[in-house]
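The numbers here are math on the coordinates, done by the rules we state, and not lab data. Only a predicted model underlies this, so the values are computations on that prediction, with no experimental measurement involved. Note that each Cβ is placed from the backbone with ideal geometry, even for glycine, and that neighbours are counted across all protein chains shown.
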Amino acid sequence: MRAALTHLGAAVTAGIWRLGYGARFFAYLLVHSGTAFRRFRLTLREIYFAGVLSLIIILVSGLFVGMVLGLQGYDTLQRYGSSEALGVLVALSLVRELGPVVAGLLFASRAGSAITAEIGLMKATEQLSAMEMMAVDPIARVVAPRFWGGVLSMPLLAALFSAMGIFGGYLVGVVLIGVDEGAFWSQMQAAVDVRNDILNGVIKSVVFGVAVTLIAVFEGYDAVPTAEGVSGATTRTVVTSSLAILALDFVLTALMFTGGN
Amino acid sequence: MNRSTIDLWVGVFVALGLGALLFLALKVGNLASFSTAETYRVDARFSNIGGLKVRAPVKSAGVVVGRVADIGFDNETYEAVAVLTIDSRYRFPRDTSAKILTSGLLGEQYIGLEAGAEARMLGDGERLRLTQSAVVLENLIGQFFTSKAAEGGAAKDGK
């Protein structure tokens, strides 16, 4: 009994300590982000690794998600004789929810894990310590560019995912099944609001980008500097950031899309 | 990796991403319509607006000519006040009537304008005098029942 309570207390204290450490890390990272923008080429390189290399998986998954939405949506809508509303269904579900969330999950597993592994391995091979020896701040030189690269890439990836998904829905709905093309686009345009739907989707993707990249760089920086530690940190990045995306998505949706218009 | 290759790919990526955003805003959303056009405001009073919402379309002859900008409640006449912004390209006579209609059986509600015959045109801030409220299904069913009951009574009396 006593041992169990001690264990619980230790776990809670460790959790809170880690949360505080993470918050201080985030504050330090923001304060020392100057280098990431003054030497923008460092950030550019990270946009290449986080964003450009995630393009293929984002585009292909977006296309397939849109095509599935087209098939399933048509199947349900045609029972009510409103298959023209397919465009609305595909566009709204992608722009509001699936675009930011699925792109965020893919980004976490494709780019987040890579960032953690890279920083963790730098720590394990004492490259970060070596930088400190040369009076180079590893957070400013290594962590901040990766953070900003991820944060800048994520909204673009989510927008590409949504656009590709809508194209997939168009392919299945209009080209394959034969829903009227005019109704598909015009109903979509009438129902999708730029501020309420598209801008809110972009805000979501920015928040997810910050959350995923922050978790990734923090787990990497905080990793136990052994092979086992780096592997554990990579796993934690994917798990924690996926959970963070889904939980944040609920909170953001509750804030954005309740109360009518 | 070569520096300029990275630059090129990042450039392609950013251009694609911004293109996707532009596509979402222009082709999927409705940014292109009614965002820059000049509008004028008129208000209309209804005894019941049903499920009308802000940003619902205002149509005349089926063409979207404006949007509902604001919905309020007048505490003196106990009426709903709908403020409509209408595209300045479209002018309506002063005795234009406004009805709250529903597109399709289950569709969204909108305001339908029917032009009158007066020579003077509506200006900014004027009021539409002739309005017809939304059809409330419960009232309709109630009316149906009372009329049926009245018919039944009349039939009995006739015997």
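Points to keep in mind about this one:
- Alpha-carbon centroid distance for the pair the stretch A:1-48 / the stretch A:182-261, whole angstrom: 18 Å
- Pairs of alpha carbons in the stretch B:39-142 separated by more than 17 Å make up 48% of all such pairs.
- At R0 = 35 Å, FRET efficiency that the Cβ-Cβ distance of A:Phe26 and A:Gln72 yields, to 0.05: 0.30
- Longest to shortest principal axis, alpha-carbon extents of the stretch A:113-189, angstrom: 66, 20, 10
- The slack between B:Asp74 and B:Arg91, meaning 0.36 nm per residue of separation minus the straight C-alpha distance, is 3.5 nm.
- Net lengthening on full extension, B:Met121/B:Glu138 (0.36 nm per residue, minus Cα-Cα): 2.4 nm
- Relative contact order for the stretch B:39-142, counting Cα pairs under 8 Å that sit 6 or more residues apart, in percent: 35 percent
- Residue order, fewest to most beta carbons within 10 Å, for B:Arg89, B:Arg127, A:Arg146: B:Arg89, B:Arg127, A:Arg146
- Residues A:Arg39, A:Arg2, A:Arg110, sorted so that the one with the fewest Cβ neighbours within 10 Å comes first: A:Arg2, A:Arg39, A:Arg110
- For the stretch A:1-108, the mean projected area of the C-alpha convex hull, equal to one quarter of the hull surface, is 12.6 nm².
- Distance between the pseudo-spin-label points of B:Arg55 and A:Val12 (7 Å out from Cα toward the beta carbon): 4.4 nm.
- The translational diffusion coefficient of the stretch A:32-256, from Stokes-Einstein at 10 °C and 1.306 mPa s with a Kirkwood hydrodynamic radius over alpha carbon pairs, comes to 86 µm²/s.
- Neighbour-count ranking [beta-carbon atoms within 10 angstrom, fewest first] of A:Ser61, A:Ser153, B:Ser47: B:Ser47, A:Ser61, A:Ser153
- Sites A:Val239 and A:Phe37 - FRET efficiency at Förster radius 35 Å, r taken between beta-carbons, to 0.05: 0.65
- Histogram of C-alpha separations across the stretch A:137-261, 5 Å bin width, %: 2, 10, 13, 16, 15, 13, 11, 8, 6, 4, 2, 1
- Counted over all Cα-Cα pairs of the protein assembly as shown, pairs farther apart than 36 Å make up 46 percent.
- Note on chain B: antiparallel DSSP beta bridges, both residues inside, total approximately 75 percent of the bridges counted.
- Distance between modelled label sites at B:Leu8 and A:Asp180, nm, 7 Å Cα→Cβ extension: 4.7 nm
- Distance between modelled label sites at A:Thr226 and B:Val63, nm, 7 Å Cα→Cβ extension: 7.7 nm
- Neighbouring Cβ atoms from other chains, within 10 Å of the Cβ of residues in B:5-17, number 6 on average.
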